[in-house]
Structures are given as C-alpha cells and as structure tokens.
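The numbers here are math on the coordinates, done by the rules we state, and not lab data. Everything quoted here is computed from the prediction, not taken from an experiment. Cβ atoms come from the backbone with ideal geometry, glycine included; neighbour counts cover every protein chain shown.
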Amino acid sequence: MKRQWWKEAVVYQIYPRSFNDSNGDGIGDINGIIEKLDYLKELGINVIWISPLLESPLDDNGYDISDYQKILSDYGTMQDYERLLENAHKRGIKILMDLVVNHSSDEHNWFVESRKSLDNPYRDYYIWKDGKDGKAPNNWGAFFGGSTWEHDPQTDMYYLHLFSKKQPDLNWECEKLRKEIYDMMNFWCEKGVDGFRMDVISLISKVQTFPDGEVGKLYGDGGKYFVHGPKIHDYLQEMNREVLSKYDIMTVGETAGVTTEEAEKYAGNDQKELNMVFHFEHVDVGNGPLGKWTTERFDFVKFKEIIIKWQEELYNKAWNSLYLGNHDQPRSVTRFGNDSDEFREVSAKMLVTFNHMLQGTPYIYQGEEIGMTNVYFDNLEDYNDIESLRYFEELTSEGLISKEEMMECLKLRGRDNSRTPMHWDNTQNAGFSSGKTWIKMASNFDKINAQEQQSRENSVLNYYKKIIKLRGKHEVIYDGKFTPYMKSSEEIFAFTRETNEETLFVMCNFTENEISVEIPEKYLEFNCIISNYDGNTLANSYILKPYEAFVLSSKN
Ligand code: ISL
Ligand code: CA
C-alpha cells in the first residue's frame, strides 16, 4: 500500500466556539486554540480539523458562511489565523479547514445580489425555481425541518435550501460559481492550510428536473435526487484538477448517504477525487420513524455488521475515516459506551481501543479524550442548536411526539450534547472562559477535566496518549488486513489485523457484563500492547470484565 501521511495521521476536531476562550467574552477563539497547541502536541495528534471560523451570521454556528475569505471577529483576525498556522506547523501539526460549499449564508454578498433580479450577474449562483400552483416547486423536506424551498418576494420565485432558509444552496451547475470556489480554495492553500474537510460534499449536484420525493411523515425525501447527484464526481474531479492535485494536502469528504461502492469513487486508490470519506451508517444505527429522534439505544449487532462491512469492502480499494462522535453527534461515551460513574472511564478506553485499531484515519472530537458525556439539559431554553430547536417545534406541533418524549430524545441525540465547552480544569467555567459562556456548561467538570487527568496515570487522557503512540510503532495498524473474530457475538467486538510482519488481536467487550471467551492458543504467546485493566493474566478460557479491551501483538 502506498504510504501517505494522511493515512498515518490522527486527527483532532476542534469546535472553535467551545474549545478555549482567550479574552473572556465567553466564546472560544483562535488565540485560545494557539494556547492549547502544546496540550494537543502532548496528546500526540498531528492534524487538527477546525469547524468553520469564517464570517457568518451564525444561524448554524458558522456552517452558514457570509464571506469565505474573512475570519469571524468572534474568533479573531486573519493575522491570528496565520499565527495559528505558523505555531501549529512549528510543532508538526497540520490544520484542516472546514469547507462549506454546498450552501452559503443568505447574507453572503453573492446571495444578496442573486435575489435582486432575474438578470443579476449572480442570479445563477443559487437555485431558483418558479412555484407550482402557488406552492413550493416540489415536496422536499429540509434537514432542519420545513420545506427545502423558500419563497422570495423580490422576484416571486423560490430558492432551494437543503438546510435552513438562511443556508441557500449554491448552484454547482454554474461554471463561474465553481471557478470562484476553486479560486477561494487556492487562496487558502497558498496561505498554508494543509487540507479541507468538505461539508456535505455529497449533496452538491442535484437532478435538474427536481422531482417530488417519496412522502414520509411530513415532507418528501429528495435524497434520491441530491445525494451523489448526477455530476458529483465530475465536480470533484474538476476540483481535484483545479486545486487539490497542486498541493500536498489532505481531503476528507463528509459524504452523507455514502455506500461502500460509492466510497470507492470518492476516495478510491486512484485518487482522482478525495483522500477519504466520512460515512454515517454506524452513527445512524437505531434511528426510528422520526430519524434520529428516538430514545432507543444503539443496536450493537447492526453497528458491528456495518463496521465489519466497511472494513472488509474498502480494504485495498478506498480509505475511510474512523469516528464515534463529532459536533453533530452526541458524546461517544454516552452513545456507544456507558457514562455512569462506574463505567465511564473504562468504556471510554474500550471505545478508543476499538476505533483506533480499525483500518482508517481516526478522528478524536474535542473532550472525547477525557471522556466528556452528554450534557442532559433539562430545559429547552438551554439548547442553542438550530436542528434541535426546529425539530422540537415541528415534531411536537404536528403531534408526532410529545414534548416530554422529545426532551428525552434531545438528551440522547441533540447536537448540543457535544457542543458545550471543553473541560480544562475544575475552576470557573471549567477553565474555558472567565466570562459568561455562549452556551451553558455541563455541570460535571469538577469530576471530568483535563487537568485532573493529566496527573492521574490511569486516566482516559493518558490512555489516549498511549494508544496514539502505538500507531507510530505498529505499521499493521494502518495497513493490516482486518478479519473479524467471534463474528456472531452480540456483546464482543473482536478482530485481527495482519501483515506479513505482524498480527494484532483486538478484543473489546461492549457491555457491562462479564463474558467468557476463548482466546486461541497462538495469541496467548503474543504481547499485550495495551489494555484498559491492569495486571490481567490471559488464558485460553477467559472471563472478560465489563468493557474490557486489550490488544495483543505478535511483535516484541
Ligand atoms: O447533524 C445531522 C444529523 O443530526 C446531519 O443531518 C447533519 O446536518 C449532516 O451530517 C450535515 O452536517 C454538516 O452540514 C450541516 C451542519 O449543520 C453540520 O454541523 C455539518 O457537520 C450544514 O452545513
Ligand atoms: Ca473569545
């Protein structure tokens, strides 16, 4: 397999609003990130993906950009950003920028112009359609509730927005628009960014007849007509020629709806498009008739099938990202582990053992490395996220779910669970800010914080440092062939990774029960390179402890 730095990297995702506030206004900022570079260096990561830092009215916390070449003043200045690049590079850390080009903000100058008149030079930068019988052009429902179409009185036409109405979709059919985007990307590459995470890039090409979708609960599902639309791969190949191929950068596509077959087109070994994909199948397990709004726990059996499928089907063909949480997902220890006092730490360690021993590039979401949990807000007023607020309103007012139940769904799946500020220490606001924070803090920072974990040898944080270091010592972690072991177990996720030089045997108990397992004789001679319990003596018949995880290696 061809060696590529981004295949061997460990990525840390920063949600800048909630990472570290340097000036006491209650909002995380670029200087705050610079202050924590040594912390990240010590953790061992070598790439940082930062969620959007650009000018934005913050309808969707920055995923609605109104100027692609200006830093939002909440976060600092262009000089601050340049200092961040310089300081990160000095430490051997690369920076990925979040590229949000399926849509812009409605406050972007392109849209301000576009909506003015039919013959405005920017008209074609967005997707405008006439209504049908005084109603929207089709029945598609938007990701944040409501229709995907908004009527604009200025020209009496509708514009498309797959997300909120303040996030109009850009029209990739328009060559001039595409050229503007490539110019903007080149600008950032010249400035020294090391790559892009591409927001919902799988949605940029739409079937131009805009047909109705199959009706679900309230709206039609247009997915068939805009997920991997007809020209998606033409656009990405063009982007690759115009920008990506000119720099030694890393690219990851947030490819909602991607299948393993489709992943090969996006991130195949031929490298005509992107380096790797982000798929959603494993984080969507357990979704119900109202999508993610359910109180069901995740279905381990399905989760396991999905992971195995992705490991097997991408092997030697395409490259994958490994993640269990991010700014759109609940905290991983709450969703896939166990966030009780008894099992939080041990299950967080099990999850990272599992995730980082798979094939792909692992992503750590800020706070995951100390085992931060969901925030469990009791009041709707504490939520800030547009998705949670819109769906609460829409689903409860349509009588699809009661308010009480919806509050429970938010506690488990709402995006704000992972957006509360990082816990640095046990002082005011967990050391995140000296001012009033933009979103309420989680209350458990006295017991879960980085400072306490730095000095405690068996902490989650120190375990993360250990597991990240293993990557440097065992090449098999990134190129070994994956084979499941105990494939039908409904409690254990075990597998081997193999090259000619080395074999790893990984075993993870996803439950709080003790479980007896058979460890094949040949693995008993292996070395245990990491384990979340001390002083284990492995044996042929072995009882795994709650959330136990270990990795055995054939190498000394
Ligand atoms: O968050 C989701 C599930 O709850 C997804 O529907 C999410 O909106 C989707 O994965 C796309 O996410 C990305 O684009 C959105 C933005 O709100 C997310 O934060 C971003 O990661 C629109 O730009
Ligand atoms: Ca600040």
Those residues of the range 93-131 whose amide nitrogen sits under 20 Å from the label point placed on MET78, 7 Å along Cα→Cβ: 95-100, 105, 108-110
Within the range 210-235: backbone nitrogen closer than 11 Å to the LEU400 label point (7 Å, Cα to C-beta): 216-221
Cα shape, the range 446-556, gyration tensor, a/c 1.5 rule: oblate
In nm, spacing of pseudo-spin labels at ASP425 and LEU538 (7 Å Cα→C-beta vector): 4.1
HN-Hα J in Hz across the range 547-556 - Karplus 6.51, -1.76, 1.60, θ = phi - 60°, x for Gly and Pro: 6, 5, 9, 8, 10, 10, 10, 6, 9, 7
Sites LYS466 and LEU37, calculated FRET efficiency, Cβ-Cβ separation with R0 30 Å, nearest 0.05: 0.90
Efficiency of FRET from Cβ geometry, ASP234 and ASN500, R₀ 41 Å, rounded to 0.05: 0.55
Extension gain (nm, one decimal) between GLU475 and THR209, 0.36 nm per residue minus Cα-Cα: 90.9 nm
Using alpha-carbon coordinates, inclination of helix 344-356 to the longest axis of the chain, degrees: 80
Crossing angle, helix 300-314 versus the chain [Cα axis fit, 0-90 degrees, rounded to tens]: 80
Extension gain from GLU313 to SER443, taking 0.36 nm per residue of separation minus the Cα-Cα distance: 42.6 nm
Nearest-0.05 FRET efficiency for LYS179 and GLN271, computed from C-beta distance (R0 35 Å): 0.95
Three-way shape call for the range 64-213 based on the alpha-carbon gyration tensor, with the a/c threshold at 1.5: prolate
Segments 220-227, 515-522 sorted - mean Cβ within 10 Å per residue, highest first: 220-227, 515-522
Spacing of the two label points (7 Å from each Cα toward its C-beta) at GLN69 and LYS129, in nm: 3.3
Euclidean distance between Cα centres, the range 343-371 to the range 43-77, Å: 25
Shape category assigned to the range 340-495 from the gyration tensor of Cα positions, a/c cut at 1.5: oblate
Residue among ASN527, SER245, ASN384 farthest towards the positive dipole end of the chain, charges placed on Cβ: ASN527
Principal-axis tilt of helix 175-191 within the chain, Cα atoms, nearest 10 degrees: 50
Difference of contour (0.36 nm per residue) and Cα-Cα distance, MET486 to ARG390: 30.3 nm
Label zone at LYS2 (point 7 Å along Cα-to-Cβ), backbone N below 17 Å, the range 259-279: 264-277
